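Have a look at the structure below, then the notes.
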Amino acid sequence: MRYIGDIMPYLIVHEDKCVGCHTCEMVCSLSHEGVINLNLSRIHVVGYKGEKFPIMCLQCEDAPCELVCPMEAIYKEGDIRYVDGEKCIRCKMCSLVCPIGGVIYDAINHKMLRCDLCGGDPQCAKYCPMEAIEVVEEVPERRKKGVRVLYGEED
Amino acid sequence: MSGYTGKILFVDLTQEKIVERDTVKYMEFLGGRGIATKIIYEFGSDTLVFMTGPLTGFISSGSRMDVVSFRNMLVGSNVGGEFPTFLKFAGYDGIVLIGRSEKPAILQIDDDGVSLESVEDLWGKDAFETIDLLTHGQRDIKVAAIGRGGEKGIKTAGIMFSHRNLASRGGLGAIMGSKNLKAIVVHTTNGLEPYNPPELMKVITDIQRSITKSGEFMRFKDWHVNFVPTILKLKMPYFGDYERTWEEAEEAAMNAKEFFEKHTSKRASCFSCPLRCWAIVNYEGEYPINLCQGTFPAITFTLKVKDPELAWKIYLKMQKEGLDIMSTVAVIAYASHLGKVKLGSEEILDFIDKIVNRVGEGDIFAEGIKKAEEHFGVPAVYVKGGMESWSSDIRPFVGSALISTVADSEGVNRALYGFPEFYYYIKKEQAEKMARMFVGEKNAAYPWDYSDAKVKFAVMWENMHIIADSLGVCVIALLTTPLELWCRAYYAITGNRITPSDLIHYAEKIRTLERVVNIEYGGVKDEISPRLFKGEVGLDREKLERMKKKYYELRGWNENGIPMSETLERYDLR
C-alpha cells in the first residue's frame, strides 16, 4: 500500500473543472477489472446533459454503509473501507443507504464495489486531464462528516 | 480479436430483418470510414452505415464513429460524443441500414437484443425532444436521432447524437429520414475488454500527455470565448460569396465574445477526450446546450448577425431541427442574395421554418444550393456533387479548393481540418514549419500557393483524416500525437502489431476505394461551381487543373482520375 508520507490520501472533486469525459471511469474499471465498463467503475460521472461531475465513496466517518451492514462485512484497513467478500451476502443495504451511490453492485461478478483509493495511488486523479480530482493529505472537516452533511444533519 | 467487437448489425428495414455479420471479413479495411466504404461498395448505394473503429471506446479521444452513405456520390461525416463508445459497449462495431421501413420506426439496441419498434408519435418532434423522450433522463441511454429536417428530406439535414454531436455534412439526416427511421437507441450495461489492460493504461498516459502538451489543448482552454474574433482574423471566407466584406464584423465578433463570456457555464468533452472543445451555454432558461465553435461563426459572419442572442437562437433552431449549420447557412446566404430573406434579422428564423416545412419557395431551398441555383438561374457557390461549400466559400484557400474538387466523400471536414493554410494569416511561422516538416517546402502553407508541394501536403493531410476516421479517433487529437503512439494503442487494444506506414497504406487503399465506389455508383465529376473561377478573387482554373492531375498521379490514378490497374492491385481492390 502506498501512502503519501504516512497519511492516507483522500479524493476531492472540483466539479467546476470536470469536462465529463469519463476518463476516470474508464481507468477505474480498467485498472481494477481489466475491462472498460462504466458499470464496473467505482467512480461515477453523474449528470445527464450539460454539466457533469464525478462522485465516489467519501470514506465518511460514521459511515452508514458500515453501520447498516448486517454481516459486519465492511472493515477498515488503514483508512480505507473494504468489503469482505466471504462475509458479504450481497443484500446491497450498503448501496441503499449511501446517499451518493458510493457503493455499487457488480452484477457480472456478483460483488459489491467501492472506491479503495487504489491502495493509495488513485488512478482517477492521475488520469483526469483537467485535474478535477485532487488527491489531498488533509481531510477537510466537512468532508469527514460527508454523509451527515448530505443528510442535512450538519451544516 | 480484441478491439473489434466482431459483430456488425445489418438491418433490412423493408423486410424488418435483423442479422449480425462478422467484422473479421472487413478488417482489411481497418475500421470506421474504411469498413463503411467497403460495405457500401458491397451492398449498394441504398445503404446507411454507422461504423466505429478498433480504437473507439478504448483510448483518449477515441470516441468516434463514421457515418457514411451515398447520395449522388459518397457522403460521410465523422461524429464523436458518447454514442459510438456505447454502441461498442453494446457489442457492435457498426450498424448497416438497408431499405425503408413502412412506418416510422426506431432501432432499439439493448442487452436483451435488437428490435425495430414503431413510433409514429415521435414523428414530427424535433431532435432534442426526441432524444429527451427516448432517454427519460438516463445517462446510460444513447440516442442518434433526426429532427424534422431529416424527416422532411431536407438536403442539409444531419443526424443528432444525444444533444450535441451532429453527423452533419452531406444530408445524412435526410437519408435516415428517407428510410423512415427516426432514431437509434443504445442501452447497455456491458463494456469492452482490451488485449493488454496494463499496457493500455501506459499508452493512455502517453497519449494523454501528448495531447495535453499540444497547441490544440492550449488553444481550447479559452477558445469558447475567443473563437469568433480569432476566426475573423483567419480571413476565412465566412462572409460568403456575395459580399466579401462586412464592416460590422469586428463588432459582431466582440459581441459574441462577450455573450459567451457571460453565458458559458462549463466546458465539455466527448467520451475519454481531454480536449474539451465544447462549451456548455446556459441561456434564458433553455437547458444547457453545447456550443460548437466551428459552426457558430458561420451564423455570425455569413448571416451577418450582429446580435449574439439572435445568432444563438438561430443556432439552437438549426440544432433542434437537426440541420447542418454550414450547409444551411450557405443556402440562407444564397436566398438572401436573391432577396428572399434579410440577413441579420429575425426573418432568418422564419426562413428556416419555411425550409424545414417546405413551405412555398422553402421547398426549393430544401433541396440544397445546387438545385436552388438550377431553379433561380443565379450562379451559386458549391463544391463537388453540388454540396454547399464549407464556410460558404473556399476561394482564398487553394488546398481547400483542390480537395473540394477531388474529394469523394465531402471535402474540407473530412480531409483538411487544421490544414496549415487556414491559420497562415495568424501564425505564419507555425504554418510554414508544418509545411516544411511534411513536404520540405514552406510555401505550401501559403493559401494562394498552387504548387505540387501543396498537392502533396493536402494528400498527406487527407491520409491523416482517413486514418483517424478509420481508427475511431478524433482527427484533432490524432494530429497532435505521433502515429507511433496510436500504433502502440492499436497493439495494446487488439494484440496485433501495426506500423505508421501500414496506417498510411490503409489510408491510400481506403481513398482509392472511395474513388472506385463513386465511379461505380455515381460518376460525379471532379468539378466545383464555375462561379469560383470568376471575379478578382477567382481561382485560376488552369493551375487548379494542373493540381488535380498531380493529385491523381500521387494517388496512383490516371489523368482522368480513374485508379490504374496496378494501383488496384497494390491495394488488393481488384
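Quick test for you: out of B:66, B:132, pick the one residue that is within 27 Å of residue B:517 (Cβ to Cβ) and acidic (Asp, Glu).
On the way: B:132 fails: within 27 Å of residue B:517 (Cβ to Cβ).
Within the list B:66, B:132, the selection yields B:66.
Per this entry, residue B:245 is not counted among residues that are β-branched (Val, Ile, Thr) and under 24 Å from the mean Cα position of the chain (by Cα). No other residue among B:61, B:77, B:69 is out of contact with any strand residue (DSSP E or B) (no Cβ under 7 Å at 6 or more places or on another chain), of a type in the set (Gly, Ala, Ser) and touching a residue at least 24 places away in the same chain (Cβ under 8 Å) apart from B:61. Apart from one condition, residue B:527 fits all of (1) in contact with a helix residue (DSSP H, G or I) (Cβ under 8 Å, 6 or more places away or on another chain); (2) of a type in the set (D, E, K, R); (3) part of a helix (DSSP H, G or I); the exception is (3). Checked against (1) within 13 Å of chain A (Cβ to nearest Cβ); (2) assigned to a helix (DSSP H, G or I); (3) of a type in the set (Phe, Trp, Tyr), residue B:195 passes all but a single condition, namely (2). The criterion of being polar (S, T, N, Q) and more than 14 Å from every other protein chain (Cβ to nearest Cβ) holds for residue B:357.
Here the range A:78-121 is the region considered, the condition is being touching a residue at least 60 places away in the same chain (Cβ under 8 Å), not in a loop (DSSP other than H, G, I, E, B) and not small (Gly, Ala, Ser), and the residue that is farthest from residue B:190 (Cα to Cα) is A:80. Among the residues of the range B:53-87, those that are in contact with a Leu (Cβ under 6 Å, 6 or more places away or on another chain) and within 11 Å of chain A (Cβ to nearest Cβ) comprise B:57, B:62.
Residues in the range B:88-102 that are within 13 Å of residue B:11 (Cα to Cα) and either outside any strand (DSSP E or B) or within 14 Å of another protein chain (Cβ to nearest Cβ) (or both): B:92, B:99, B:100, B:101.
Is one or more of the residues making up the range B:189-200 crowded, with 20+ Cβ neighbours inside 10 Å, on the phi < 0 side of the Ramachandran plot and out of contact with any Gly (no Cβ under 9 Å at 6 or more places or on another chain)? Within the range B:189-200, one or more residues are crowded, with 20+ Cβ neighbours inside 10 Å, on the phi < 0 side of the Ramachandran plot and out of contact with any Gly (no Cβ under 9 Å at 6 or more places or on another chain). When the range B:275-315 is filtered for residues that are within 14 Å of chain A (Cβ to nearest Cβ) and either part of a helix (DSSP H, G or I) or of a type in the set (A, V, I, L, M, F, W, C) (or both), the ones remaining, listed by number, are B:275, B:277, B:278, B:279, B:280, B:281, B:289, B:291.
Filter the range A:6-59 down to the residues that are among the aliphatic types (A, V, I, L, M), touching a residue at least 40 places away in the same chain (Cβ under 8 Å), in a loop (DSSP other than H, G, I, E, B) and within 9 Å of chain B (Cβ to nearest Cβ) and list them by number. Hit for the range A:6-59 is A:19, nothing else. For the range B:237-246, the criterion of being polar (S, T, N, Q), in a loop (DSSP other than H, G, I, E, B) and within 14 Å of another protein chain (Cβ to nearest Cβ) is met by no residue.
May I ask you to verify whether residue B:493 is β-branched (Val, Ile, Thr), more than 25 Å from the chain's Cα centre (by Cα) and not in a loop (DSSP other than H, G, I, E, B)? Break it down stepwise before answering.
Numbers: β-branched (Val, Ile, Thr): yes; more than 25 Å from the chain's Cα centre (by Cα): yes; not in a loop (DSSP other than H, G, I, E, B): yes.
The answer is yes for residue B:493.
Which of the following residues is touching a helix residue (DSSP H, G or I) at 6+ places or on another chain (Cβ under 8 Å), under 24 Å from residue B:518 (Cα atoms), touching a residue at least 24 places away in the same chain (Cβ under 8 Å) and among the β-branched types (Val, Ile, Thr): B:369, B:348, B:355?
Numbers: B:348 fails: under 24 Å from residue B:518 (Cα atoms); B:355 fails: under 24 Å from residue B:518 (Cα atoms).
From the options B:369, B:348, B:355, the qualifying one is B:369.
Take the conditions away from chain B (no Cβ under 14 Å) and either among the acidic types (Asp, Glu) or under 13 Å from the mean Cα position of the chain (by Cα) (or both) and apply them to residue A:94. Does it pass? Step through it out loud before you land on a result.
Values: away from chain B (no Cβ under 14 Å): yes; either among the acidic types (Asp, Glu) or under 13 Å from the mean Cα position of the chain (by Cα) (or both): yes.
So residue A:94 passes the test.
Taking helices (runs of 4 or more DSSP H) as the structural unit, those lying wholly within the range B:332-385 and holding at least 1 residues that are in contact with an Asp or Glu (Cβ under 6 Å, 6 or more places away or on another chain) correspond to B:347-356, B:369-376. Of all the criteria given as (1) under 27 Å from residue B:57 (Cα atoms); (2) at pLDDT below 95; (3) aliphatic (A, V, I, L, M), the one not satisfied by residue B:98 is (2).
Does residue A:114 fit the bill of being closer than 23 Å to residue B:88 by Cα, in contact with a Cys (Cβ under 7 Å, 6 or more places away or on another chain), among the charged types (D, E, K, R) and away from chain B (no Cβ under 12 Å)? It is false that residue A:114 is closer than 23 Å to residue B:88 by Cα, in contact with a Cys (Cβ under 7 Å, 6 or more places away or on another chain), among the charged types (D, E, K, R) and away from chain B (no Cβ under 12 Å).
Yes or no: the range B:167-186 includes at least one residue that is within 14 Å of chain A (Cβ to nearest Cβ) and surrounded by fewer than 24 Cβ atoms within 10 Å (Cβ to Cβ). Lay out the reasoning, then the answer.
So in the range B:167-186, the residues within 14 Å of chain A (Cβ to nearest Cβ) come out as B:186.
Subset that is surrounded by fewer than 24 Cβ atoms within 10 Å (Cβ to Cβ): none.
Taking every residue of the range B:167-186 in turn, none turns out to be within 14 Å of chain A (Cβ to nearest Cβ) and surrounded by fewer than 24 Cβ atoms within 10 Å (Cβ to Cβ).
The values are calculated or read from the model by the stated rules, or taken from the named source; none is laboratory data. Nothing here was measured: the structure is a model prediction, and the numbers come from that model. Backbone-built Cβ (ideal geometry, glycine too); neighbour counts: all protein chains shown.
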